[in-house]
Amino acid sequence: MSEREKKLIRLAVWLLRKKLGEEGTAAQIHDDMRYCGNTAIAKITKIINESGELCKGKYQRTTMNELSELGLWVCYKDTAYRDAFFWILNEILKHADELKKDIAPYVKDPKDWYVNIWNESKEDTKKQRESGAIPFYDRAESEKIFSHETQKRRLNQLAGRKVRR
């Protein structure tokens, strides 16, 4: 996603939280989800938060946890969505074995998550800058592949023409 779309999502979440008032704060939703009476929702929330802890980037971890909890909270708390949510969840679980096979190529160990590798590469940059191996304005080779400019240049090379993103 581009920065523009991410900013729009952050703005939408901010407006939603503002409209919800005190009960819609990230902290309040987190508490509601952790201590809710529905054991299935509490277990899903626990999985979300444990998964988030495996994300090395604080910003990405917070975003992942807060957006996941917010979506789950709306589906659980709002009667307009609750019945449909549990029906969908039941359908997903009916096909759990099939879905596990379908997603197998996409499931990675947390150490191999994009965000974790990117954060490690930023550490490489920091160390190389401190040691003087690269100038303060440059990035380590391991981090350069994560830059928008590098990705766009490589896509253009592969496509043999200009790619618009």
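The values are calculated or read from the model by the stated rules, or taken from the named source; none is laboratory data. Here the structure is a predicted model, which means the values were calculated and not measured. Cβ sites come from the backbone with ideal geometry, for glycine too, and all protein chains shown count toward neighbours.
Data overview
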{"quantity": "Hits in the range 60-83 (condition: of a type in the set (A, V, I, L, M, F, W, C) and either crowded, with 17+ Cβ neighbours inside 10 Å or modelled with pLDDT of 95 or more (or both))", "calculated": "M64, L70, L72, W73, V74, C75, A80"}
{"quantity": "The range 40-53 residues that are among the β-branched types (V, I, T), paired with ones that are part of a helix (DSSP H, G or I) and exposed (fewer than 15 other Cβ atoms within 10 Å of the Cβ) (beta carbon under 6 Å, 6 or more apart)", "calculated": "T45/R34"}
{"quantity": "The range 50-59, subset touching a helix residue (DSSP H, G or I) at 6+ places or on another chain (Cβ under 6 Å) and either closer than 16 Å to I9 by Cα or modelled with pLDDT of 90 or more (or both), residue surrounded by the fewest Cβ atoms within 10 Å (Cβ to Cβ)", "calculated": "L54"}
{"quantity": "Among (1) at pLDDT below 90; (2) surrounded by 15 or more Cβ atoms within 10 Å (Cβ to Cβ); (3) of a type in the set (S, T, N, Q), the one test that S2 misses", "calculated": "(2)"}
{"quantity": "Residues of the range 6-37 satisfying the condition of being outside any helix (DSSP H, G or I) and over 20 Å from the mean Cα position of the chain (by Cα)", "calculated": "Y35, C36, G37"}
